[in-house]
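In what follows, a structure is listed as structure tokens, so that the remarks can point back to it.
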Amino acid sequence: ALQECLFLSECEAFLQDVLEKQKLPFAATKIGSFFKAHGQKAAADLRIALGYTSAEIPSDVFADFRRIGVHMFRRKLENSNISGIFLRHPSAGSCVVVNYSEDLFRQRFTAAHEAAHALLDVEDDFVVTFEHQGKDLREVRANTFAARYLLPPDFLHGIGSDFKLTADQAVEWATKLKVNTPTLAFALKDAELIDDDRSKIIQQGRVPREAKIDAELPTSLPLRTLERKRSMIERGLSDSYVNLCFEAYHRSAVSAARLSEMLLLSEEAELHEVLGLYSEKLQYGS
């Protein structure tokens, strides 16, 4: 799985270069030795760079991190204890693999967490994030970045400084904010809006899986199309990556054979199926 994601990173970097796709310049700065402050500042700076207001909630976090040049792949991993992996590719740069086996809201948090490693752990070639982490300061920093990026303090303060939430009310807010209740509790505590007892109450609630809508899999799609695209995402093939491949093909930057290889397809029939899925066609004679 990791080998394929590294291959996809190489392909994406090549396509972005040949198609002259510009990324949004962004570099995180670390001042002092307080790890949580690193995460807080990086999240605030990135939100500004992406054009978010101080109280705006990100919609498609995967697209956000791709904008700043992180090769972001959601991939089904057999090891359910792994939430995500950051890898620094020698030529393609930062690559993040998010375990697609996890629920959607957890994937959003993992994407932000691994992006923090890409931005702040510049001395590391890779970082593996397990479901249950210890007190590694790098993980504390990454969690702080993810919480602040997904749930900015200005927003949390704006909806009420006195969070006397029941478990059911916490679920309602978490659903609106596209996070799980532990993330909501973490962010509220980080913003000094709740204490440990209230945090435990908030974490008792669970957002129903059916309430979690995937920005990359709109429910308006026909069921067969939805399932086929889901199976592609499981292998790391997002719409943004697939469309990049098609653009390169139509601009004669890659051949049909190379297109098939970049889409991890081994049979011609598979290529035609994916072409049909995206309403694309092979050029005559290619």
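A few notes on this one:
- Electrostatic tally near ARG235: other residues with Cβ closer than 9 Å to its Cβ, Lys and Arg +1, Asp and Glu -1, net 0.
- Beta bridges by DSSP in region 7-143, antiparallel share as percent, to the nearest 5: 70 percent
- Taking GluC sites (Glu not before Pro) across region 156-256, the ones in a DSSP loop with at most 12 further Cβ atoms lying within 10 angstrom of their Cβ are GLU192.
- Residue-level accessible surface for ASP17, protein heavy atoms, 1.4 Å, Å²: 120 Å²
- Mean residue ellipticity, 222 nm, helices only, the chain: the sum of -39500 (n - 2.57) across DSSP H runs of n ≥ 4, divided by residue count and rounded to 500, is -15500 deg cm²/dmol.
- Summarised in one figure, the compactness ratio Rg/Rh of region 126-263, Cα atoms and Kirkwood Rh, is 1.11.
- Qualifying aspartates and glutamates (Cα of each under 12 Å from Cα of LYS23; at least 8 residues distant if same chain): ASP64
- Accessible-area composition of region 227-286, carbon plus sulfur, in percent [1.4 Å probe]: 47 percent
- For the chain, accessible area per residue (1.4 Å probe, heavy atoms of protein chains only), Å²: 49 Å²
- Loop-located chymotrypsin sites (Phe, Trp or Tyr not before Pro) in region 238-286 whose Cβ has at most 12 other Cβ within 10 Å (DSSP): TYR284
- Percent antiparallel among DSSP beta bridges (both partners in the chain, rounded to 5): 70 percent
- Dipole magnitude of the chain about its Cα centre (Cβ charges: Lys, Arg +1; Asp, Glu -1), debye to nearest 20: 440 debye
- Its Cα gyration tensor gives region 77-148 an equivalent ellipsoid, and the semi-axes of that ellipsoid, as √(5λ) in whole Å with the largest first, are 17, 15, 11.
- Tilt relative to the chain, helix 223-233 - C-alpha long axis, 0 to 90 degrees, to 10: 80 degrees
- Here's the list of aspartates and glutamates a cross-link from LYS178 could span, going by alpha-carbon distance under 13 Å and ignoring same-chain residues fewer than 8 apart: GLU56, ASP60, ASP103, GLU210, ASP214.
- Quarter of the Cα convex hull surface for region 185-242, i.e. its orientation-mean projected area (nm²): 6.1 nm²
- Which listed pairs, of LYS229/LYS281; LYS21/LYS176; LYS30/LYS135; LYS41/LYS164, have C-alpha distances above 22 Å, in listed order: LYS21/LYS176; LYS41/LYS164
- Net length gained if the chain between ARG251 and ASP60 were fully extended (0.36 nm per residue, minus Cα distance): 66.0 nm
- Take the Cα of LYS164, go 7 Å toward its beta carbon, and the backbone nitrogen atoms of region 177-196 under 18 Å from that spot belong to 193-196.
The values are calculated or read from the model by the stated rules, or taken from the named source; none is laboratory data. These numbers were taken from a predicted model, which means no experiment stands behind them. Every residue, glycine among them, receives a Cβ derived from its backbone with ideal geometry; neighbour counts consider all protein chains shown. Quick note on the areas: whole protein, heavy atoms, side chains included, nothing else; ligands and nucleic acids left out. Shrake-Rupley method; radii C 1.70, N 1.55, O 1.52, S 1.80 Å.
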